[in-house]
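Notes follow the structure.
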Amino acid sequence: MLLSGRGSNFQAIAEARLPIEIVAVISNRPQAAGLEYARERGLAAIALDHTEHPDREAFDVLLADEIERHQPDLVVLAGYMRILSPAFIARFEGRLLNIHPSLLPMFPGLKTHERAIAEGIKIHGCTVHFVTADLDHGPIVIQAAVPVRADDTPDMLAARVLQQEHRIYPQAVRWFAEGRLAIHHGRVNLKDDSASQSVFSTER
C-alpha cells in the first residue's frame, strides 16, 4: 500500500476481509495518519520522505527497491499524491492499481469535483484502474457513479464519491487476488461473465 495522508481507502481495504495479506504500508510523508493506522494493526509501516531526495527519479528508485523487498503481488495506490516516474511504472506494470475520483476518462488530474460541478454534468463518480505512463488513463477495472445534485458543493460531492471509493476499491483488489482480472489490448476483462454487471454501479 502506498499513501500520502489519512489512507481512508487503505483502511477500507484493510477492513474488508479480503483474501490478501498486506505486507507493507509505505508513505512519502512521515507524518501521514495512514502510517499510524497501519502500526495499530501490526502492519509494517514505512516512511520514505521524498523531500530528502534530489529528484523524482531518485526517490522512485528507492521506493521501488523498498517495495520489492516485501515481494508484493500487487501495489495499491491508496491516496498516494505523487506522479510516478515512467521507470517506476514499468517496473510494476500490470500489478499497480490506483483509484481516481472521477469517471475516467473524464476529469483526469486534480480538482475533479470542482470541475464536474463547473461543467454541469449530471453523473460523477470514481474509477479503479491499472496505472500506466499515461496519467489517469490506464485500463479500467471498475467504476461507480453518483448523481450531481443542484445544491452540491465540491466537498459534498467529494464525500459521496469517497463512499463509493471505499466500496469499489476493495472489490477490485479482491478480483485481482482471485486471479479474475486480465488485460487485453488495453482493456480489463473480468473472468466469469456472471459478475460482469458489477463493474459499473450507481449510488442508491
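The values are calculated or read from the model by the stated rules, or taken from the named source; none is laboratory data. Keep in mind it's a predicted model, so treat the numbers as computed, not measured. Here the Cβ positions follow ideal geometry from the backbone for every residue, glycine too, while neighbour counts run over all protein chains shown.
When Ala116 is tested against (1) more than 27 Å from Ile26 (Cβ to Cβ); (2) without any contact (Cβ under 8 Å) to a residue 40 or more places away in the chain; (3) of a type in the set (Gly, Ala, Ser), exactly one condition is not met: (2).
If we scan region 26-45, do we find a residue that is outside the structural domain of Val148 (by TED's automatic domain parsing), of a type in the set (D, E, K, R), surrounded by 15 or more Cβ atoms within 10 Å (Cβ to Cβ) and farther than 24 Å from Arg167 by Cβ? Yes: region 26-45 contains one or more residues that are outside the structural domain of Val148 (by TED's automatic domain parsing), of a type in the set (D, E, K, R), surrounded by 15 or more Cβ atoms within 10 Å (Cβ to Cβ) and farther than 24 Å from Arg167 by Cβ. Restricting attention to region 99-114, does a residue exist that is under 23 Å from Arg167 (Cα atoms), in a helix (DSSP H, G or I) and not charged (D, E, K, R)? Within region 99-114, one or more residues are under 23 Å from Arg167 (Cα atoms), in a helix (DSSP H, G or I) and not charged (D, E, K, R). Looking across Leu77, Leu84, one residue alone is assigned by TED's automatic domain parsing to the domain that holds Leu63 and in contact with a helix residue (DSSP H, G or I) (Cβ under 8 Å, 6 or more places away or on another chain). It is Leu84. Let me confirm something: among Ser8, Ser4, which residue is of a type in the set (Ser, Thr, Tyr) and either in the same structural domain as Glu178 (by TED's automatic domain parsing) or in contact with a Lys or Arg (Cβ under 7 Å, 6 or more places away or on another chain) (or both)? None of the others qualify; the one that does is Ser4. Restricted to region 79-98, and to residues there that are of a type in the set (D, E, K, R) and part of a loop (DSSP other than H, G, I, E, B), the residue that is farthest from Leu157 (Cα to Cα) is Glu93.
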